[in-house]
Amino acid sequence: MQNYQQELQREQAYFEEILALVDARLEKKRASGRQGRGGLLTSQKEMWDGAAHSSADFDAAVELSQYQEELALRTASYLTDVEEVQTLERMRDSPYFARVDFRESGEAEAAGIYIGRRSLLDESTHAVRIFDWRAPIAGLFYRYERGPAQYEAPGGTIRGDVSLKRQYEIKRGRFEYFFDANVEITDEFLKKLLAKNAPSKMVSIVETIQKDQDAIIRDSQNELLMVQGAAGSGKTSVALHRVAYLMYRGLSSGLSSHQIVILSPSALFSDYISGVLPELGEKNVQTLAFEDLCGRVLGGDLPQMQTKHQLFEELITCADAGEKALLKAGVEFKASQTFIIMLRRLAVRYQRRLVPFCDVLYHRRQLFDRQLLKERLLRRDARIPAAAGLQQIETMILREVREENKSRLEELERFARRYPEHAYEVPAFARMLSIRENRLLLARIRSFTRIDYAALYRRMFHDKNLFYALAKGLTLPENAEEIRRRTDALPAPAPPRYEDALALTFLKAVLAGCDAYGDIRQVVVDEAQDCCPIHFEILNLLFPRAKYTVLGDLHQTIEKEAPPAFYEDVRHILNKKTSTLLTLSKSFRCTRQIIAFSGRFLEGPSGQECFGRDGAPPEIFSAAGRDLLDRQLAAFIRELGAQGYRSVCVLCKSLAAAEELYERMGASAGAALMDGTRPAALSGICIAPIYMAKGLEFDAALVYDADDVHYHTADDKKLLYIAATRALHRLALFYVGKPSRFLSGGGQEDAL
Amino acid sequence: MILQQVARLLAEILGEGEEGITEETAFTPEYGIQPIDAAALVIAVEKKFHLTVYDDEAACFATVGDVVRYIEASQGDK
């Protein structure tokens, strides 16, 4: 007891010291910020008062540009000060959260290493008072218990002993308490943290990063890092903290925030995770959905594509089993390795045989022969993509045409002068004729120098011989012909189907290359289980110089079966020098009871561990009719609210179902509809289709219409798994009629 | 400013006031502009701004705005 008091005093004293340091720094920065702002305002005023406003006067323009330069410098320096003030204010709230006492081998004494979100240097002594959680030495905290430990310093491996691990609760600039951490106690701490309400946006987890999570965050060996993570294992958190770590390391390795891209499943999800990096004091990193990549590559060529969510909705609401099977087969085929080979072959064939070269005639002579042009394309430098090669040919042709144009214009003027009855001026008339000729000629030239990707893609399906020629030697699915005919029958132009848009993106990337993302050095792919080979092939083309972190959960695929060799396929396609697959099998989100319950929706043993937090058992409600069910649901929601649960999600199978439910009782229950068009209101009550809520978490998840009509196929079972694992604390299922066969933990699923 | 100058040139050719001429003005009969007027504009622009406009480029001018942007781009290159 006494010991604790002594320790507490010491810790509080240290805390006061640190606060004083931060306060001093803060005051200094604030003062310099005030000065900077003052200087900025003065400069701006000078510029407007003093400098002339018309740039017609050269001297005045020079003076203006000098003002602007000074202004830019002052602004940049001011903004840096503002950012630092913000960082220091955050630090003042909670300067550190952990301490490790480490005695280096060969040293007599242990040093206390304090760890926080950011490092703090004592400028007078040049001592590091607080280490950034990403510093190599801070790894001691995450990886080791008391005993022998080591970390990698720039000079080499530093070995020694950890004699103390301590954690602090410091909030809003107040020292609340500390505790010495061993495994049991940190688990209790984590349990307490997890027992709280779900935040409406994802928050950082620096204080509670687990050892296996830390290994993923700090991995720097692998060019491809794959993570198979159970629902609620912290995959996305880990991915974001990894990004923060890479940016920290990037200070020395030259990786900056605009060289990193996060591929997120949807805009909704991007919004959900948008708070983590700023909380860690890092700028936000570009977050893209695959649809954004396609849009970037295809550009104005194509109207808005069908989104992945729209595809899910189409598949989920498809009533006819045969139709659904065909749709799925089409999607799967077009995303497969077989189809990718066909697309590559199409690109080659296009260059060799399908480009509609024609002779170029102008001013009564043939400038270029079609065969010559074709050879020029085929003999170009192999590193130049086909589209660029064709562009070079266009430039070459136009150069010749422009040369010829001079004499052609003279001839046209002579022609015009022969007809004096023309009211028009001769030069303008001749010019008009020349321009018209050029217009026609240009159209003719561009008929073979500009690639119409959509037309080429359609041709692949329209020309039966071409289709099967491209498939020679490959194994096609048994309904390939049906798929071909259906694709051929699609109206054009029309918003392309998701799988066709992907194929088009791939085709264009192969034929035209894509420079937009040449700078990107690190790509993080979340919810990778919903990606197919074609997704990764496209990534390969768009991010040639990047390293990858790929995260997914094979149990949470939607409307498809993840092949057991999924990660192997990814490894094969991305083809990096070093790669590894790590697993996060412990789920932290749900209570033990919810995890146990959700296990019945998995095939075979899940290997899923649970962190071991207890909660209320999941409940199942049935009613005789829909009205009764709705009332039960509403009552349950009210009860949850009374019990202090703030975020509740009512999960429906499809968006259509969610909309229907929302129509009936959304307003009265005070619920919002999650339809992907608005940023999600994650605190409060919302009604959402399961596929949209994937990756998110709520205090309570309520599954609506959990009857056998809605949920009876293998894919349906997975949806139930996803739905059940959205809940932190409470799970309930509601149905009318016959309960889904999966609820009882048994039952054979129907084929589709 | 370039827009003003181009508008003035076009107005002279058409024999109308330059007030109604904007970047969106298209070289079509709806705007009262015939192909020969567009050709005359190209010649006038070449003279005024000391440029050479190739006819394959002129063939792509659909609006006054296209002409303005072309001139700006050429001046930027200088």
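The values are calculated or read from the model by the stated rules, or taken from the named source; none is laboratory data. Keep in mind that this is a model prediction, so the values were computed, not measured. Cβ sites come from the backbone with ideal geometry, for glycine too, and all protein chains shown count toward neighbours. The protein model used for the area step is the full one, side chains on, heavy atoms only, and it has no ligands, DNA or RNA in it. Shrake-Rupley method; radii C 1.70, N 1.55, O 1.52, S 1.80 Å.
Has the stretch A:196-215 got any residue that is among the hydrophobic types (A, V, I, L, M, F, W, C) and within 18 Å of the chain's Cα centre (by Cα)?
Initial filter on the stretch A:196-215 (among the hydrophobic types (A, V, I, L, M, F, W, C)): A:198, A:202-203, A:205-206, A:209, A:215.
After this cut, where a residue has to be within 18 Å of the chain's Cα centre (by Cα) as well, the list is A:202-203.
Taking every residue of the stretch A:196-215 in turn, at least one turns out to be among the hydrophobic types (A, V, I, L, M, F, W, C) and within 18 Å of the chain's Cα centre (by Cα).
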Subject >> Scope the stretch A:611-660; condition in contact with a Cys (Cβ under 9 Å, 6 or more places away or on another chain), without any contact (Cβ under 8 Å) to a residue 60 or more places away in the chain and either farther than 14 Å from A:I690 by Cα or hydroxyl-bearing (S, T, Y) (or both); matching residues >> reply: A:E660
Subject >> Test: residue in the stretch B:49-63 that is farther than 18 Å from A:L440 by Cα and touching a Leu at 6+ places or on another chain (Cβ under 9 Å) >> reply: no
Subject >> Subset of the stretch A:321-349 [open to solvent by less than 20 Å² (accessible area, probe 1.4 Å) and within 30 Å of A:R444 (Cβ to Cβ)] >> reply: A:L343, A:L346, A:A347
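Considering only residues that are part of a loop (DSSP other than H, G, I, E, B) and closer than 22 Å to A:T157 by Cα, look in the stretch A:90-124 and name the one that is most open to solvent (accessible area, probe 1.4 Å).
Quick first cut of the stretch A:90-124, residues part of a loop (DSSP other than H, G, I, E, B) only: A:94-97, A:105-110, A:117-119, A:123-124.
This time we only want the ones that are closer than 22 Å to A:T157 by Cα, so: A:105-110, A:119.
Numbers: A:S105: 76, A:G106: 82, A:E107: 102, A:A108: 94, A:E109: 145, A:A110: 50, A:S119: 68 Å².
Across the stretch A:90-124, the extreme among qualifying residues is A:E109.
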Original post:
Got a number for residues in the stretch A:394-406 being open to solvent by 50 Å² or more (accessible area, probe 1.4 Å) and in contact (Cβ under 8 Å) with a residue 24 or more places away in the chain?
Top reply: 1
**OP:** State the number of residues belonging to the stretch B:32-46 that are away from every other protein chain (no Cβ under 11 Å) and either surrounded by fewer than 17 Cβ atoms within 10 Å (Cβ to Cβ) or charged (D, E, K, R) (or both).
**Re:** 1
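Right, A:A416: within 13 Å of chain B (Cβ to nearest Cβ), buried (at least 20 other Cβ atoms within 10 Å of the Cβ), modelled with pLDDT under 90 and on the phi < 0 side of the Ramachandran plot or not? Walk me through how you get there before you give the answer.
Working: within 13 Å of chain B (Cβ to nearest Cβ): yes; buried (at least 20 other Cβ atoms within 10 Å of the Cβ): yes; modelled with pLDDT under 90: yes; on the phi < 0 side of the Ramachandran plot: yes.
Judged against the criteria, A:A416 is a match.
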**OP:** Quick one: count up the residues across the stretch A:182-197 that are out of contact with any Leu (no Cβ under 9 Å at 6 or more places or on another chain) and surrounded by 15 or more Cβ atoms within 10 Å (Cβ to Cβ).
**Re:** 4
**OP:** Confirm whether A:S274 is open to solvent by 20 Å² or more (accessible area, probe 1.4 Å) and free of Cβ contacts under 8 Å to residues at least 24 places away in the same chain.
**Re:** no
**OP:** Check A:L474 against each of (1) buried (at least 22 other Cβ atoms within 10 Å of the Cβ); (2) more than 26 Å from A:K694 (Cα to Cα); (3) at pLDDT 95 or above and name the one condition it does not meet.
**Re:** (1)
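Could you check the stretch B:47-65 and list, in sequence order, the residues that are within 13 Å of chain A (Cβ to nearest Cβ), free of Cβ contacts under 8 Å to residues at least 24 places away in the same chain and within 20 Å of A:V401 (Cβ to Cβ)? Outline the logic, then answer.
Quick first cut of the stretch B:47-65, residues within 13 Å of chain A (Cβ to nearest Cβ) only: B:47, B:52-62.
Remaining after also requiring free of Cβ contacts under 8 Å to residues at least 24 places away in the same chain: B:47, B:52-60.
Matches in the stretch B:47-65: B:T52, B:V53, B:Y54, B:D55, B:D56, B:E57, B:A58, B:A59, B:C60.
Quick check on my filter: what residues within the stretch A:350-393 are among the charged types (D, E, K, R) and crowded, with 17+ Cβ neighbours inside 10 Å? Can you show your working first?
To start, the set of residues in the stretch A:350-393 that are among the charged types (D, E, K, R) comprises A:352-353, A:359, A:364-365, A:369-370, A:374-376, A:379-381, A:383.
Of everything in the stretch A:350-393, those that are among the charged types (D, E, K, R) and crowded, with 17+ Cβ neighbours inside 10 Å turn out to be A:K374, A:R380.
Determine if the stretch A:450-471 includes at least one residue that is in contact with a Cys (Cβ under 7 Å, 6 or more places away or on another chain) and within 14 Å of chain B (Cβ to nearest Cβ).
Our first condition is that a residue be in contact with a Cys (Cβ under 7 Å, 6 or more places away or on another chain); within the stretch A:450-471, this holds for none.
The answer is no; no qualifying residue exists.
Under the condition of being among the small types (G, A, S) and at pLDDT below 95, which residue from the stretch A:643-657 is surrounded by the fewest Cβ atoms within 10 Å (Cβ to Cβ)? Give the steps one after another, and end with the answer.
Just the residues of the stretch A:643-657 that are among the small types (G, A, S), to begin with: A:644, A:647, A:654, A:656-657.
From what's left, at pLDDT below 95: A:644, A:647.
On the way: A:G644: 9, A:S647: 23.
Filtering the stretch A:643-657 for residues that are among the small types (G, A, S) and at pLDDT below 95, the one surrounded by the fewest Cβ atoms within 10 Å (Cβ to Cβ) comes out as A:G644.
Taking the condition open to solvent by 30 Å² or more (accessible area, probe 1.4 Å) and under 26 Å from A:G36 (Cα atoms), does A:E63 pass? Please lay out each step first, then the result.
On the way: open to solvent by 30 Å² or more (accessible area, probe 1.4 Å): yes; under 26 Å from A:G36 (Cα atoms): yes.
Yes: the conditions hold for A:E63.
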**OP:** Looking only at the stretch A:125-143, count how many residues are open to solvent by 60 Å² or more (accessible area, probe 1.4 Å) and hydroxyl-bearing (S, T, Y).
**Re:** 1
